[in-house]
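Shown next, in structure tokens, is the structure this report addresses.
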Amino acid sequence: MFAQHNEQYALKVGKTATHRTYTRYELTKNRLAEYIRTNYHVEDISFREINVVFIEGFYLFIRDNYPCTHNTAMKFVQRFRTVVLFAHNLGLINFNPFGAYKLKFEYVERGYLEQDELDRIYQKTFASKRLEQVRDMFIFSCYTGLSYVDVCELRAENIKVSFDGNLWIIKKRHKTNVTSNIRLLDIPKAILQKYDGKLPDGKILPVISNQKMNDYLKEIATVCGINKKITYHVARHSFATLSISYGVPIESVSKMLGHTNIRTTQIYASAPRLVA
């Protein structure tokens, strides 16, 4: 049933689903198969054998055998539940094995950079051109809130003069397909101008792989004397937190981030307000 679910999910990739999410379902299927072989010594089991003990056992199997957090292990269980509900909705089972099991995610404080830390990174002169390019991409996202994949997809046609005479990024988010409307401030405009006409294939920023990006960001943090774990996603969190702290209405921040629900944006609302 898991294989059938994933085959149907694969048909939606590029339309209403992403390849990244598809690969996560495939990984979950493989982890579940491994769990069944290891703990039950069979290749497959029937739905009637799935209960709270089985589900909790799967969670513990992930935690014990793979380096991941509680929330990451819960995401495996959550995808497993989706497939069980898929079978239930098809009428193949007349009960929900997850009825008595509650998914519990721990609150994780989202890391972000303070304004002085952003300034330190932006003003730093790097000996390596690659570090300089990674810095530019990271700072661009800190001032626009765009995720890594959305920056990768960003093209000149996404940048338009709006009703107020200013340049805006108007683009649908890769993850949610919700349109983000983001006014370009001076720093991201300067970064775009720096690379204008210098990159191939219609790219407007020097994109590299997310893994390499995060490796270089660790180096940048060290060089700039910032004792925080910096990944590319920290840029999006920094944008959201600093926007709210500077008094930008949360409804506006939510629209710029392309959130489908303002409750997602409210995670950042506890940031201290900055006084001008």
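Being among the aliphatic types (A, V, I, L, M), closer than 22 Å to I55 by Cβ and modelled with pLDDT under 95, is that true of even one residue in the stretch 103-118?
Start the filter on the stretch 103-118 by keeping residues that are among the aliphatic types (A, V, I, L, M), which leaves 103, 108, 113, 118.
Next cut, closer than 22 Å to I55 by Cβ only: 103.
So of that shortlist, the ones also modelled with pLDDT under 95 come out as 103.
Yes.
Right, V207: closer than 30 Å to E251 by Cβ, in contact with a Phe, Trp or Tyr (Cβ under 9 Å, 6 or more places away or on another chain), crowded, with 16+ Cβ neighbours inside 10 Å and at pLDDT below 95 or not?
The answer is no for V207.
Taking the criterion of being modelled with pLDDT of 95 or more, assigned to a helix (DSSP H, G or I) and more than 28 Å from the chain's Cα centre (by Cα), would at least one residue in the stretch 2-19 satisfy it?
There is no residue in the stretch 2-19 that is modelled with pLDDT of 95 or more, assigned to a helix (DSSP H, G or I) and more than 28 Å from the chain's Cα centre (by Cα).
From the residues in the stretch 23-48 that are in a helix (DSSP H, G or I) and exposed (fewer than 12 other Cβ atoms within 10 Å of the Cβ), which one is modelled with the lowest pLDDT?
Per the criteria, the residue is R48.
Can you tell me which of K229, K175 is surrounded by fewer than 13 Cβ atoms within 10 Å (Cβ to Cβ), of a type in the set (D, E, K, R) and touching a residue at least 40 places away in the same chain (Cβ under 8 Å)? Step through it out loud before you land on a result.
On the way: K175 fails: surrounded by fewer than 13 Cβ atoms within 10 Å (Cβ to Cβ).
Matching residue, one of K229, K175: K229.
Check whether at least one residue in the stretch 86-106 is assigned to a helix (DSSP H, G or I), under 30 Å from A240 (Cβ atoms), within 27 Å of the chain's Cα centre (by Cα) and not hydrophobic (A, V, I, L, M, F, W, C), and report yes or no.
Initial filter on the stretch 86-106 (assigned to a helix (DSSP H, G or I)): 86-89.
Still in the running and under 30 Å from A240 (Cβ atoms): none.
No.
Kindly indicate whether A100 is small (G, A, S) and surrounded by fewer than 11 Cβ atoms within 10 Å (Cβ to Cβ).
Values: small (G, A, S): yes; surrounded by fewer than 11 Cβ atoms within 10 Å (Cβ to Cβ): yes.
For A100, the condition - small (G, A, S) and surrounded by fewer than 11 Cβ atoms within 10 Å (Cβ to Cβ) - is met.
For Y122, indicate whether it is part of a loop (DSSP other than H, G, I, E, B) and either among the aromatic types (F, W, Y) or on the phi > 0 side of the Ramachandran plot (or both).
So Y122 fails the test.
Residues of the stretch 160-197 being out of contact with any Phe, Trp or Tyr (no Cβ under 9 Å at 6 or more places or on another chain) and of a type in the set (S, T, N, Q), which ones?
Within the stretch 160-197, N166, T176, N177, T179, S180, Q193 meet the criteria.
Note down all Cβ pairs under 6 Å where the first residue falls in the stretch 66-83 and is farther than 14 Å from N96 by Cβ, the second is β-branched (V, I, T) and part of a helix (DSSP H, G or I), and they're at least six residues apart or on different chains.
Final answer for the pair search is A73/I62; F76/T28; F76/I62; R79/T28.
Which condition breaks for K129 when tested against (1) within 25 Å of the chain's Cα centre (by Cα); (2) charged (D, E, K, R); (3) farther than 18 Å from N227 by Cα?
Among (1) within 25 Å of the chain's Cα centre (by Cα); (2) charged (D, E, K, R); (3) farther than 18 Å from N227 by Cα, the lone unmet condition for K129 is (1).
Would you mention how many residues in the stretch 111-148 are in contact (Cβ under 8 Å) with a residue 24 or more places away in the chain and loosely packed, with under 15 Cβ neighbours inside 10 Å?
4
Which condition number does V108 fail, the rest of (1) out of contact with any His (no Cβ under 9 Å at 6 or more places or on another chain); (2) of a type in the set (A, V, I, L, M, F, W, C); (3) more than 18 Å from I230 (Cα to Cα); (4) without any contact (Cβ under 8 Å) to a residue 40 or more places away in the chain being met?
With respect to (1) out of contact with any His (no Cβ under 9 Å at 6 or more places or on another chain); (2) of a type in the set (A, V, I, L, M, F, W, C); (3) more than 18 Å from I230 (Cα to Cα); (4) without any contact (Cβ under 8 Å) to a residue 40 or more places away in the chain, V108 is out only on (3).
With the stretch 187-270 as the region, which helices (runs of 4 or more DSSP H) entirely inside it contain at least 1 residues that are aromatic (F, W, Y)?
Correct list: 210-223, 233-245.
If you scan the stretch 139-176, which residues turn out to be in a loop (DSSP other than H, G, I, E, B), modelled with pLDDT of 90 or more and closer than 27 Å to Q211 by Cβ?
The answer is Y143, T144, G145, L146, S147, L154, R155.
Within the stretch 120-148, can you find the residues that are of a type in the set (A, V, I, L, M, F, W, C) and under 13 Å from A190 (Cα atoms)?
M137, I139, F140
Please indicate, with yes or no, whether at least one residue in the stretch 145-158 is within 16 Å of the chain's Cα centre (by Cα) and closer than 30 Å to L85 by Cα.
Yes; the residues of the stretch 145-158 include at least one that is within 16 Å of the chain's Cα centre (by Cα) and closer than 30 Å to L85 by Cα.
The values are calculated or read from the model by the stated rules, or taken from the named source; none is laboratory data. Please read all numbers here as calculations on a predicted model, not as lab measurements. With ideal geometry, Cβ positions are generated from the backbone for all residues, glycine too; neighbour counts draw on all protein chains shown.
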